[in-house]
Each structure stands twice: as structure tokens, then as C-alpha cells.
1. Within the set of pairs 6 or more residues apart or between chains, which connect a residue that is closer than 10 Å to residue 131 by Cα inside the stretch 332-345 to a residue that is surrounded by 18 or more Cβ atoms within 10 Å (Cβ to Cβ) and of a type in the set (Phe, Trp, Tyr) with Cβ atoms less than 8 Å apart?
2. So how many residues does the stretch 70-113 have that are within 14 Å of the ligand (Cβ to nearest atom), part of a loop (DSSP other than H, G, I, E, B) and under 24 Å from residue 201 (Cβ atoms)?
3. Collect the residues in the stretch 388-415 that are hydroxyl-bearing (Ser, Thr, Tyr), under 47 Å from the mean Cα position of the chain (by Cα) and over 16 Å from residue 377 (Cβ atoms), keeping them in residue-number order.
4. Out of the residues in the stretch 8-42 that are in a loop (DSSP other than H, G, I, E, B) and touching a residue at least 24 places away in the same chain (Cβ under 8 Å), state the one that is farthest from the ligand (Cβ to nearest atom).
5. Go through the stretch 359-401 and count every residue that is out of contact with any strand residue (DSSP E or B) (no Cβ under 7 Å at 6 or more places or on another chain) and either hydrophobic (A, V, I, L, M, F, W, C) or over 18 Å from residue 434 (Cβ atoms) (or both).
6. Write out, first by first residue and then by second, each pair whose Cβ atoms fall under 6 Å of each other, whose residues are 6+ apart or on separate chains, and whose first residue, in the stretch 43-58, is closer than 16 Å to residue 220 by Cα while the second is part of a loop (DSSP other than H, G, I, E, B) and among the polar types (S, T, N, Q).
7. Could you check how many residues of the stretch 229-259 are of a type in the set (S, T, N, Q) and touching a residue at least 60 places away in the same chain (Cβ under 8 Å)?
8. Name the residue, out of 250, 229, that is surrounded by fewer than 17 Cβ atoms within 10 Å (Cβ to Cβ) and within 16 Å of the ligand (Cβ to nearest atom).
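Values in this text are rule-based calculations from the coordinates and carry no lab data. Keep in mind the model is a prediction, meaning the values are calculated, not measured. Neighbour counts are summed over all protein chains in view; Cβ atoms, including those assigned to glycine, are modelled from backbone coordinates with ideal geometry.
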Amino acid sequence: MTRSKKAWGGRFKKETARSVEEFSASIHFDKKLYRFDIEGSIAHARMLAKQGIIAKSEAAAIVTALESILNDIEKGKISFSIADEDIHMALEKELMRRIGDIGGKLHTARSRNDQVVLDVRLFLRAETENVLMLLQKLQTRLIALAKKEIKTIMPGYTHMQKAQPVLLSHYLLAFWEMFGRDAARFGDCKKRFNLLPLGAAALAGTGLPINRSATAQMLDFPDVTKNSMDTVADRDFIAEFIFAAAVTMMHLSRFCEDLILWSSDEFGFVEISDAYTTGSSIMPQKKNPDIAELVRGKTARVYGDLVSVLTLLKGLPMTYNRDLQEDKEPLFDAVETTKNCLGIFTEMLGEIGFDRDKMLRAALGGFSQATDIAEYLVEKGVPFRQSHGITGKIVAYCIKNKKSLEEMTITEYKKFHNSFADDILDRIIPKKMINARRHTGGTATKTVLARIREIEKETGK
Ligand code: ARG
């Protein structure tokens, strides 16, 4: 077997052991970065020529060759091997194979240490756009559903116990807010990673007369990083991005949990379309919410990715250490998993049916009008602590007499406090209770509709 000479092999007398090549290679996963590596190298070569560090004709030859390499990779004409170590070495080797020693000038004033973070920053810039687009699609679907279900009343829960009736639209918009914060988090993360790292070289910068802002401009970075040591040591932005992904997954998993529960026979609030459920291999009657369960389950992977990266960074000495190569697989996994889950969840949401009657009936039970009764008394001047106690006694009376709050007569109410009047029964119908909560953030139909209008205005819909 012919073994390739390493680009860094000058000082080595013995060949790298095959086992070491296999153990230390990252090409099988970092080949994903080829486009960004080439984009970065093209800008770097142009900057080197602009500064007179290499000749203009040399830069032109390098750029042309890199562009044709990109084209060939995209057409599937190039395959990488383990001996290439990583995507940076593989591309440089291919470049030199094509244009000889001129290709060897590309790595001037650059190290793989600043090169690899450039690639990841460019990768994340593209992926941020992808994730933001998926979040936006999900949010748009939520708005459409919220409009469709504006009359649907459901029981709101705390402690998984029926608490107070709310609009289903209000529930859906709660997730709109969560996914909105997720989008803001990804955008905020981008502000910190969207800086040019090239120029840091191995760790201390370079003695050659580079022009970092020229490279930054070519690669559309608004600024450059400010400390070469920090630049090659820093992976905060990777941890931050995965954190943003983990929170998004957490939100999805909570939504999934509700849908799984609500699609059970016991609840029967929702029906997930056949296209997004699966059957059982033994029980013919089953229709399982597997997609929602898988999204919930995959949240664990992304948490794992976050913990992997944080643990990788803990106690790591300045500056670059090879450990850092281990940052990519968790990052790639988190990005792929989050994108897949956002995509399929949005699809599934488009084919979901709500059983409006069942939801309304459920909203009625469980003494969910109790707070409104207490507030009714407050409106009549009774201090809240007292009205809370009185209403508690009414609930106890109902339980004892096997009655619901709406089945109580006015005379019965009056026995508990003389402030109760004929309007009490009207006050505790779900629609009235809902529409009483008309302050900003409340569940009143008017308020929810106003929020929808506000969102549509903000998002230009
Ligand atoms: N494959 C390496 C990584 O992902 C690239 C940087 C290698 N640098 C080095 N000094 N060995 O971190």
C-alpha cells in the first residue's frame, strides 16, 4: 500500500501509523465543510495577492483551481480518503495535484487553527438562515391555526390539573412566542460568531503583512476577531448555537408531549393525520403518535450534543488543542436534528384536527370557574382572601352534593355570601370567563385577535 507523504511531514522520519491516521482523521465528518473551506481559501488567496504576498497570477491560478475543485466535488467526482486527515489537508492536496507548487502558496499566513474556525463560522452563518426559515414556517403555521381555531375553547392546565378555560388560539400563540424567542436567540448568537477569524494563524498571528479587513469584506463579515489567542481557542459560539438548538428542541418536545397526551382516547382533543402516525405490528386498532414521540426523543440527542461540547471545553488549556476537533460531530448532529424536527413537526401540525366539542366539554368540568367566582365577589368589594375562602367552601359543597358550579342555583350561591346576584351564573360561562381577561397577554378573544394582528403587522403578512 502506498502511503501519502504528509504536508506537515518535514520533521518526521517515520510514516504515521495507519491506526493513527484512522484514529485522528476527521475527513469523514468535516468534509461537510468543503464549500466553506474553499470560499475562505479563495478570499485568503485574493487578500495575499492584494497585499503583494503572492503574485496576482498565482492567486488567479489558485482561485481557478479551487473553483474547479468545488465544481468537481459537487458533481461527485472527488472522493476523500482517511489518509487526507481532514478537509483542509484534503483540499490543499488536491489543489497541489492540480497546479503544483503554486498551490503550496495558499497556506501562507494561515494555520488550520484559524482556518477551521472560519469554516465553522461560515457553516453556521448558512445554517442560521436555514433554521430561521424553518422557525418562521412553523410560526406562520401557528398563526394560521390560531386564526382557524379562534372560537375553540379548551381547558388550560397547571400541575396537569384543569385550571381555567382558555382559547386554543391563546395556547397556540404561546408557542409562537417561544419559537419567536428561539429565532431571536439564533440571531443573537450570529452577532457574536459573525466575525472573521483568519489572521490569528496558529495562535499568535503572522509576521507577514496581511490585511484582515480586506478578507473580512470579501467574506461579508462586518468585523474581525480582536485577539488571535482567543480566536483559535474560542468555541463559545458552537456551545451557544447548540444551546439555542436545545431550547428550540425543548419547546418542540413540550408541544409534542401535549399532542401525544391529547391524542389519547382519554383526552381525545386532537387527531393527528394518518400520514403522520404509525400502526402497531400486533394491535390492529392502534394509531400511534410516533412522529411527536420521536421529536420528543430526539431532544435528548441535542442536549447530549450541548453537554459534549461544554465538557470538551471545560478546563481546556489555551489555545488550540486537538480535542477541539471533537466539536464538529455534536454541532452537525444538533443542526441536522433540529432542522429535521422543525420540518416534520410543521408538516404534522398542518394536518392536525381538533375536536372542538370535546375540548369545550372538558373546559367546563373540574370547577374551573372557581377563580372567576372569587373575582366576582372582589368586584362586589369582598377582599380576595375572603372571597377565595368563600369560593373554596362552595367547591367543597359542590363536591359533597355532586354538583358542578354551573348547576348551583342563585339561592344556593346566596347562602354563601349575600353579594351574589342573578348575574353570577352568566359570569361563569367559559366564553365570558375568557373574554373577561382582556388585558395585554390575556386570553380574551379580542386580545388574542389583536396579538395576531400585531404579529402579522410585525412580520409583514
Ligand atoms: N481537523 C482539525 C480540527 O478540526 C483542524 C485543525 C488542526 N490543527 C492542528 N493543529 N492539528 O480541529
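1. Every condition considered, the pairs that remain are 335/241.
2. Going through the stretch 70-113 one residue at a time, the tally reaches 5.
3. The one that is hydroxyl-bearing (Ser, Thr, Tyr), under 47 Å from the mean Cα position of the chain (by Cα) and over 16 Å from residue 377 (Cβ atoms): 404.
4. Our first condition is that a residue be in a loop (DSSP other than H, G, I, E, B); within the stretch 8-42, this holds for 8, 12-17, 25-26.
This time we only want the ones that are touching a residue at least 24 places away in the same chain (Cβ under 8 Å), so: 25-26.
Values: 25: 9, 26: 4 Å.
Among residues in the stretch 8-42 that are in a loop (DSSP other than H, G, I, E, B) and touching a residue at least 24 places away in the same chain (Cβ under 8 Å), the one farthest from the ligand (Cβ to nearest atom) is 25.
5. 29
6. Cβ pairs passing all conditions: 47/211.
7. Residues in the stretch 229-259 being of a type in the set (S, T, N, Q) and touching a residue at least 60 places away in the same chain (Cβ under 8 Å): 2 in total.
8. 229
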